[in-house]
Amino acid sequence: MPVDTKRVRGPEVSQSPSLFLCKTAAKKSLAQKDTRVDGRQRGQVDVRSVFVRCGLISQAKGSAYIEAGNTKLICCVYGPREMDRKDETDMKSGRLMTDMRFAPFSCRERGSWIQGNDEKDLSLMLLESLRPGVCLQKYPRSQIEVNVMVLENDGSVLAHAVTCASMALADAGIEMYDLVLGCSVRQESGTYLIDPTYLEENGCNLASGSGENLGSLTVAFLPSLNQISGLQSDGEMGEDILTGGVRTCIDGCFKLYPVVQQSLTKAVRRKAPPSES
């Protein structure tokens, strides 16, 4: 095979320079005592600016899109419809099915369309967070499918996936006890980083160099009922720190609640038939 002698060939194994920005940005974040890289304050309930929209996909029964900083997700809901497998039919309750995937271009390292173990774990966590908020007894012998696609991963994908899926279920007209909102925090040097970015989630240990397993927490919350439907914790967190992290996540969910309510209200008005005048 002829070789282009005028082209400088790179090494056989190469990596994108963006992969090495994580450690640099994390060191810069630790050097600033009060301000984070994106300008938010440490130790305060300061979530990223959120844009939400319902009813974007006409082929689905319900759909929602959420954008928090550079984290972008879209969710589609199909059903309720008859179960695919007759042997799994429940005469008293319906079945909620969740599928969460990352687009190949969503992460810094390009992935594949095949669902990996991390995506399967996130799908299970999403199911456990949404199930307490859905009135499944209203849909016997039926299944409701929730599909979440991460278009860009800039941190806190599970928390925003819970919020996006809850909005899509409400847009589909699925009966629910309450909306399910998600929020996440990360522990860093005795303070909390609420709604952490990708660099903050993956760069703290690299910047510290101590190898300490800092903890992170994701909470799914029912704001009207004031109940927690899901909790997922990683790393080492003491009892007092865990309790404080849960309270911080609840405060973050209450900040998102008016935005979600306003988006759903606009979606209902768009679907309403025009009034006769």
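The values are calculated or read from the model by the stated rules, or taken from the named source; none is laboratory data. What you see is a predicted model; the values in this text were computed from it and never measured. Backbone-built Cβ (ideal geometry, glycine too); neighbour counts: all protein chains shown. Heads up: the accessible areas ignore ligands, DNA and RNA and are worked out on the full protein's heavy atoms, side chains in. Shrake-Rupley method; radii C 1.70, N 1.55, O 1.52, S 1.80 Å.
Worth pointing out:
- One residue alone among 224, 229, 208 is modelled with pLDDT of 90 or more, farther than 20 Å from residue 123 by Cα and of a type in the set (Gly, Ala, Ser), and that residue is 224.
- Residue check for residue 164: closer than 28 Å to residue 266 by Cα and either at pLDDT 95 or above or out of contact with any strand residue (DSSP E or B) (no Cβ under 6 Å at 6 or more places or on another chain) (or both): yes
- Only residues that are assigned to a loop (DSSP other than H, G, I, E, B) and hydroxyl-bearing (Ser, Thr, Tyr) were counted in segment 211-259, giving 1.
- For first residues located in segment 242-267 and at negative phi, partners that are acidic (Asp, Glu) and surrounded by 15 or more Cβ atoms within 10 Å (Cβ to Cβ) and lie 6+ apart or on another chain with Cβ distances below 6 Å form the pairs 267/171.
- Matching residues, segment 87-115, being closer than 19 Å to residue 202 by Cα and in contact with a strand residue (DSSP E or B) (Cβ under 9 Å, 6 or more places away or on another chain): 102, 105, 106, 107, 111
- Test: residue in segment 34-41 that is open to solvent by 70 Å² or more (accessible area, probe 1.4 Å) and touching a Ser or Thr at 6+ places or on another chain (Cβ under 8 Å): yes
- When restricted to residues that are out of contact with any helix residue (DSSP H, G or I) (no Cβ under 8 Å at 6 or more places or on another chain), in a strand (DSSP E or B) and either under 17 Å from residue 71 (Cα atoms) or open to solvent by 10 Å² or more (accessible area, probe 1.4 Å) (or both), segment 143-175 contains 5.
- Checked across segment 82-96, the condition of being open to solvent by less than 20 Å² (accessible area, probe 1.4 Å), at pLDDT below 95 and over 30 Å from residue 270 (Cβ atoms) holds for at least one residue.
- Yes/no for residue 64 being on the phi < 0 side of the Ramachandran plot and surrounded by fewer than 20 Cβ atoms within 10 Å (Cβ to Cβ): no
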